[in-house]
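The values are calculated or read from the model by the stated rules, or taken from the named source; none is laboratory data. For clarity, every value in this text was computed on a predicted model and none was experimentally measured. Methodologically, a virtual Cβ is constructed for each residue, glycine included, from the backbone with ideal geometry; neighbour enumeration extends over all protein chains shown. What goes into the accessible areas is simple: the full protein's heavy atoms, side chains included, and nothing from ligands, DNA or RNA. Shrake-Rupley method; radii C 1.70, N 1.55, O 1.52, S 1.80 Å.
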Amino acid sequence: MTHRRPLIAGNWKMHQNVAATSALIEGLLAEDLGGEVDAVVCPPFTSLPHAAMLLTGSKIGLGAQNCHWENSGAFTGEIAPAMLVELGIQWVIVGHSERRTIFGESDITAARRAKAAQEAGLAVIYCVGETLEQRQAEKTFSILETQMAGVADLDPTKLVVAYEPVWAIGTGQTATADQAQEAHAFLRRRLEGFFSSDADALRILYGGSMKPGNAAELVGMPDVDGGLIGGASLDVGSFSAIIRASADCAVGD
Ligand code: PGA
């Protein structure tokens with residue numbers, strides 16, 4: 001099995017203005033974040049230029065929370081992938097469940113955004129996950145299969161998949177390690193179908209109420225390669241503790 005270096009990405013959502021971004025990043029830069037782990041923060045758009053400046057030369061990567069599929073044009077309120085690249089940003093989150101449920105994101109538009117982002121040079125964190133209703137109706141795997149369809153067209157070398165069960169996001173109700181592993185193993189099989197042996201190196205993150213206290217158990221599962229962290233990424237102590245807890249959890253040879 002390929003060694004997959006864990007990745008912990010902080011999704012700051014619509015939190016952290018420029019001043020709060022400075023404080024959080026300066027706090028993280030002062031922490032020992034452990035060796036065998038990658039860390040990324042995804043502030044809101046208006047904080048990205050300042051974050052890019054603060055993170056230059058550091059080990060912490062920088063991501064945006066969304067992007068459009070065109071590189072310019074009459075798309076009021078949208079941000080082009082090339083505009084993110086211009087700021088030195090390396091990552092973008094696509095298809096988050098809040099984009100899907102609140103802002104009408106579909107599997108088709110998520111796939112278009114992801115493709116354009118990769119073509120501009122960004123690495124994509126592609127989010128999938130079922131609602132509680134879908135899980136209770138035993139539709140988890142069919143939903144994940146549908147949501148993953150657009151991934152087939154993407155470049156696996158610039159792709160991370162995030163499994164975020166909607167019922168676990170911001171609720172404090174984390175998936176159990178076994179529930180996460182079961183979904184991640186399913187997603188890995190889909191990725192193998194798309195990318196054959198390249199799927200082995202691809203990281204699949206868990207997201208949904210991940211905290212310092214459950215990170216090691218989750219990331220210790222064979223197919224859980226890190227986390228996409230919302231609430232707990234807004235605090236230096238808890239985010240850095242999750243990063244450190246994950247550093248020793250790489251599964252592989
Ligand atoms: P949470 O959010 O960690 O606050 O549950 C995760 C996410 O939405 O990415």
Accessible carbon and sulfur surface of region 166-253 relative to its total accessible area, %, 1.4 Å: 48 percent
Normalise the Debye intensity by I(0) for the chain, one equal point scatterer per Cα, no solvent, then take log10 at q = 0.16 Å⁻¹ and round to two decimals. -1.19
Tell me which chymotrypsin sites (Phe, Trp or Tyr not before Pro) from region 181-226 have a DSSP coil assignment and no more than 11 other beta carbons within 10 Å of their own. none
Hey, with R₀ at 25 Å, roughly what FRET efficiency would Phe141 and Phe103 work out to, going by the Cβ-Cβ distance, to 0.05? 0.45
Normalized C-alpha radius of gyration of region 80-138, against 2.2 N^0.38 Å? 1.29
Compute the accessible area per residue over the chain, keeping the other protein chains in place, probe 1.4 Å, unit Å². 42 Å²
List every residue whose amide H lies under 5 Å from the amide H of Leu62, counting only residues 5 or more places away in sequence or on a different chain, with H placed 1.01 Å from N in the peptide plane. Val41, Gln90, Trp91
Projected-area average for region 198-253 over all orientations - Cα convex hull basis, square nanometres: 3.8 nm²
Relative contact order of the chain: what whole-number percent is it, with Cα pairs under 8 angstrom and at least 6 residues apart? 24 percent
Pull up all non-local amide H partners of Leu7: gap of 5 or more, or a different chain, and H-to-H distance under 5 Å with H placed in the peptide plane. Asp38, Gly226, Gly227
In Hz, Karplus ³J(HN,Hα) per residue of region 134-143 (6.51, -1.76, 1.60; θ = phi - 60°; x = Gly, Pro): 5, 5, 5, 8, 6, 9, 3, 6, 5, 5
Whose amide H sits under 5 Å from the amide H of Thr171, counting only residues 5 or more places off or on another chain, with H placed in the peptide plane? Ser209
Quick check on the chain: helices-only [θ] at 222 nm, where DSSP H runs of length 4 and up contribute -39,500 (n - 2.57) each and the sum goes over total residues. Nearest 500, please. -11500 deg cm²/dmol
Taking θ as phi - 60°, what are the ³J(HN,Hα) couplings along region 40-54 by the Karplus curve (6.51, -1.76, 1.60), each to the nearest whole Hz, with x for Gly and Pro? 9, 10, 10, x, x, 3, 5, 8, 5, x, 5, 4, 4, 5, 5
Could you derive backbone 3J(HN,Hα) for region 66-80 from the dihedral phi with the Karplus parameters 6.51, -1.76 and 1.60 (θ = phi - 60°), listing whole Hz in sequence and x where the residue is Gly or Pro? 5, 7, 8, 9, 10, 8, 5, x, 7, 10, 3, x, 9, 10, 7
Compactness check, region 136-222: C-alpha Rg relative to the 2.2 N^0.38 Å globular estimate gives 1.09
Please state the equivalent ellipsoid semi-axes for region 67-213: what are the square roots of 5 times the Cα gyration tensor eigenvalues, largest first, in whole Å? 25, 18, 14
